[in-house]
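Colleague: Handing you this structure, nothing more for now.
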Amino acid sequence: MTPDEEAIRGHKAAQVLENELVKEAFLETRKQILLAWEQTPARDIEAREWMFKLYQASLKFEEVFKGYVDTGQIAADKLKHKESVFGKLKAMI
């Protein structure tokens with residue numbers, strides 16, 4: 001993926017993460033998983049482990065988006081630096 005594509009993908013991921021409905025959905029999903037876990041009998045180990053895995057998956061899903069944002073920001077910074085260097089070289093010529 002080119003730096004331009006990474007920067008664009010990072011910007012799109014940031015827009016998703018900043019969306020109020022998405023934030024609410026992440027929180028509500030985790031809340032419902034934890035509530036289901038609390039209501040699961042202690043002897044139902046399989047169900048409790050499933051709830052733990054669901055919770056971890058919800059965290060990972062958000063983490064992936066945050067990784068896209070970070071990678072996109074790094075790519076955008078590199079592009080800005082590259083443009084700055086080319087601008088300085090052009091001015092010298």
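Colleague: Check cross-link reach from Lys82 to the lysines: straight Cα distance under 20 Å, and skip same-chain residues fewer than eight apart.
Modeller: Lys90
Colleague: Quick one: net charge of Pro3's neighbours, Cβ under 12 Å, K/R +1, D/E -1?
Modeller: Here the count lands on -1.
Colleague: Could you run the Karplus curve 6.51 cos²θ - 1.76 cosθ + 1.60 with θ = phi - 60° over the range 30-44 and give me ³J(HN,Hα) per residue in whole Hz, x for Gly and Pro?
Modeller: Per residue, the Karplus-derived 3J(HN,Hα) values read 5, 4, 5, 5, 5, 5, 4, 4, 4, 8, 7, x, 4, 6, 8 Hz.
Colleague: Further question: Using a cut-off of 12 Å between alpha-carbon atoms, which aspartates and glutamates can reach Lys80, once sequence neighbours fewer than 8 places away in the same chain are excluded?
Modeller: Asp4
Colleague: Let me know the Rg and Dmax you get for the chain when you use only its Cα atoms, in Å.
Modeller: Final numbers for Rg and Dmax: 20.8, 76 Å.
Colleague: Multiply the residue gap between Ala42 and Lys82 by 0.36 nm, knock off their C-alpha separation, and tell me the result in nm, one decimal place.
Modeller: In short, 8.7 nm is gained.
Colleague: ³J(HN,Hα) across the range 55-64 via Karplus (A = 6.51, B = -1.76, C = 1.60, θ = phi - 60°), whole Hz, x for Gly/Pro?
Modeller: Those phi angles translate into 4, 5, 5, 5, 5, 5, 4, 5, 4, 4 Hz.
Colleague: Among Lys60, Lys82, Lys12, determine the one that fluctuates most according to a GNM of the chain built with springs between C-alpha atoms less than 10 Å apart.
Modeller: Ranking Lys60, Lys82, Lys12 by mean-square fluctuation puts Lys82 first.
Colleague: Another question about this same structure. Enumerate the aspartates and glutamates that Lys23 could reach by cross-link, defined here as Cα to Cα under 15 Å, with residues fewer than 8 away along the same chain left out.
Modeller: Answer for Lys23, where 15 Å is the Cα cut-off: Glu62, Glu63, listed by chain and number.
Bear in mind these aren't lab numbers, they're just calculated from the coordinates by the rules spelled out. The structure presented is a predicted model; accordingly, all values stated were derived computationally and were not measured. Cβ sites come from the backbone with ideal geometry, for glycine too, and all protein chains shown count toward neighbours.
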